[in-house]
1. What are the residues in segment 136-153 that are open to solvent by 10 Å² or more (accessible area, probe 1.4 Å) and closer than 14 Å to ASP81 by Cβ, if any?
2. If we keep just the residues of segment 148-193 that are touching an Asp or Glu at 6+ places or on another chain (Cβ under 6 Å) and closer than 20 Å to MET250 by Cα, which is modelled with the lowest pLDDT?
3. How many residues are of a type outside the set (Asp, Glu), open to solvent by 60 Å² or more (accessible area, probe 1.4 Å) and either on the phi > 0 side of the Ramachandran plot or at pLDDT 80 or above (or both) when one looks only at segment 2-58?
4. Counting just the residues of segment 266-304 that are in contact (Cβ under 8 Å) with a residue 24 or more places away in the chain and hydroxyl-bearing (Ser, Thr, Tyr), which one comes out surrounded by the fewest Cβ atoms within 10 Å (Cβ to Cβ)?
5. Name the pairs: first residue in segment 52-70 and of a type outside the set (A, V, I, L, M, F, W, C), second residue modelled with pLDDT under 80 and exposed (fewer than 13 other Cβ atoms within 10 Å of the Cβ), Cβ to Cβ under 9 Å, at least 6 apart or on different chains?
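The values are calculated or read from the model by the stated rules, or taken from the named source; none is laboratory data. Everything numeric in this text was worked out from a predicted model, so none of it was measured. Neighbour counts are summed over all protein chains in view; Cβ atoms, including those assigned to glycine, are modelled from backbone coordinates with ideal geometry. Surface areas here come from the heavy atoms of the whole protein model, side chains and all, with no ligands, DNA or RNA. Shrake-Rupley method; radii C 1.70, N 1.55, O 1.52, S 1.80 Å.
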Amino acid sequence: MWKSNVFLRPLTHRFLRGAVQLVGRVLGFVKEGLDGKIEFGENNGNENDASSGTMVGLPPYFWHERVEDIAMVTWELTILDTCMTHDYLEVIADTVCPTDKESRQSTHNSSIEPDEIRALASDVLMESSHEISPVVSHSWNALIVDNLTSQCSVPLSAVKGVAATYRMTNRPPPTQASPFVATILRPLKDFDSSYSSRTPPQIGDDWKYQIIGTVSTKFSVAVEELIATVKRTEEALKSRKTRRMMAGGMSDGEKVKLQLYLDHREFRSQVEELGVDAESVEGLVKLGQLTQEAECLFLQSQSK
């Protein structure tokens, strides 16, 4: 658009408006995609028509449901934002007010015109680019956060099964974390590994703290409910004088508490691997308080 064989200086205002409109069209398309209004992969009955340009064999999908697609789109928007307020501004200024002697004479620029053009173009582009940042922020702090939080919360349903593992089974006390713990933050770790270098600078790490905070709170709630159930069960067995001590000198309830303590330690380690300060996560701190009682059981098992 701003090439010398395309640009017409008397129509500078129209060229600038055209550039802004193109950005607006891009943002409009992205917003509709994020709202789930655009479906991709639909065949429309042209399965055998390769010339139609339809992606044959690809099932319909909405790209806002894929965190990878959202991350890529927002990264491109971030590049566009930077380009508009830096590189693109230079392109416009150099085209409208060229700096070389020959072109400067043919355009008859006044001494103050280059600065005025640059200031005007900068204001227009800045105003247009201001619409990009809210889209990027919403995409990361709402869509990506919600999606990954849901994925990371799925394994937490296994917390309830910890009690069944040791109830009346005569199993020895646990020595390592439950297998499900390593899978809780796996979606977040995989995503962060792939897109940490393509996270918009203005986003920072807040999105990770949101995900880990919510998942940790859900984890602590599940553990708290399980511990309450275990205590009620122990009291009932004690009152009936049927509470039995199993292998290793621990009751079933103590084994469950020790398992939850080991699970907390492993989960905390997973959080720290993501570069998140564990002490700043309220749900994780509560999880530690809930399982602290079993620390003495852990120390006893280690001394044997």
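1. Of everything in segment 136-153, just one residue is open to solvent by 10 Å² or more (accessible area, probe 1.4 Å) and closer than 14 Å to ASP81 by Cβ, namely SER137.
2. If we take residues in segment 148-193 being touching an Asp or Glu at 6+ places or on another chain (Cβ under 6 Å) and closer than 20 Å to MET250 by Cα, then ARG167 is modelled with the lowest pLDDT.
3. So the count comes out to 13.
4. Per the criteria, the residue is SER280.
5. SER52/ASN44; THR54/ASN44; THR54/GLU47; GLY57/GLU47
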